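Working notes, structure below.
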Amino acid sequence: MGGVMSKRPTSTTDAPRANRARQVAELLPDVGRAAFRKFGFVQSSIVSRWGEIVGEKLSRVSTPESIRFPVGRKQDGILTLTVRGAHAPMMQHITPEIVERVNRFFGYVAVERVVIRQGEVAVRPERRAPPSLKVVPVELGNSLKTIADPELKAVLEALAAGVAATRGVPQVK
């Protein structure tokens with residue numbers, strides 16, 4: 001047989017394999033991050049939260065296309081927006097406010113100016129919170145009925161139902 005067998009050293013602190021089987025959910029943030037960086041987005045959340053940044057009315061007629069930064073910097077960038085037809089002149093007038101809102105979202109001066117490009121904006125489907133499956137405990141009264149945001153209301157109702165379902169002191173296992 002004359003062959004030499006090499007044996008890999010083993011230890012109790014072996015690092016996990018780099019090319020191990022992973023869940024798809026574990027891979028998706030990296031895939032999305034790479035795609036957004038390729039097209040100029042440092043944070044992909046500006047696309048998904050555009051309605052919160054500029055308001056629902058403006059998000060229906062505009063969408064962020066890219067942010068281009070000067071070489072070697074991550075501030076004072078140029079935000080390119082795609083704006084539907086006749087809304088472009090109106091958006092041009094409020095660009096200082098858009099710059100302020102985007103920079104507030106990032107938490108620093110990420111955008112210095114805005115470039116507007118006319119084009120078609122894809123209609124985004126309206127996001128709806130999932131219906132509440134559990135009945136809100138009577139002890140809470142009408143306190144949750146005044147909350148306007150349906151997603152927040154659903155989360156608070158689920159939390160209230162979970163708290164109401166527990167008995168005694170919580171146990172950590």
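Name the one entry in E120, E126, E151 that is open to solvent by 80 Å² or more (accessible area, probe 1.4 Å), out of contact with any Asp or Glu (no Cβ under 6 Å at 6 or more places or on another chain), at pLDDT below 90 and outside any loop (DSSP other than H, G, I, E, B).
One residue alone meets the criteria, E151.
Quick one: which helices (runs of 4 or more DSSP H) lie wholly within the range 17-117 and hold at least 3 residues that are at pLDDT 90 or above and surrounded by 17 or more Cβ atoms within 10 Å (Cβ to Cβ)?
The helices (runs of 4 or more DSSP H) meeting that bar are 95-106.
The values are calculated or read from the model by the stated rules, or taken from the named source; none is laboratory data. Since we're looking at a predicted model, the values are computed, not measured. Every residue, glycine among them, receives a Cβ derived from its backbone with ideal geometry; neighbour counts consider all protein chains shown. We work out accessible area using only protein heavy atoms, side chains counted, and drop any ligands, DNA or RNA first. Shrake-Rupley method; radii C 1.70, N 1.55, O 1.52, S 1.80 Å.
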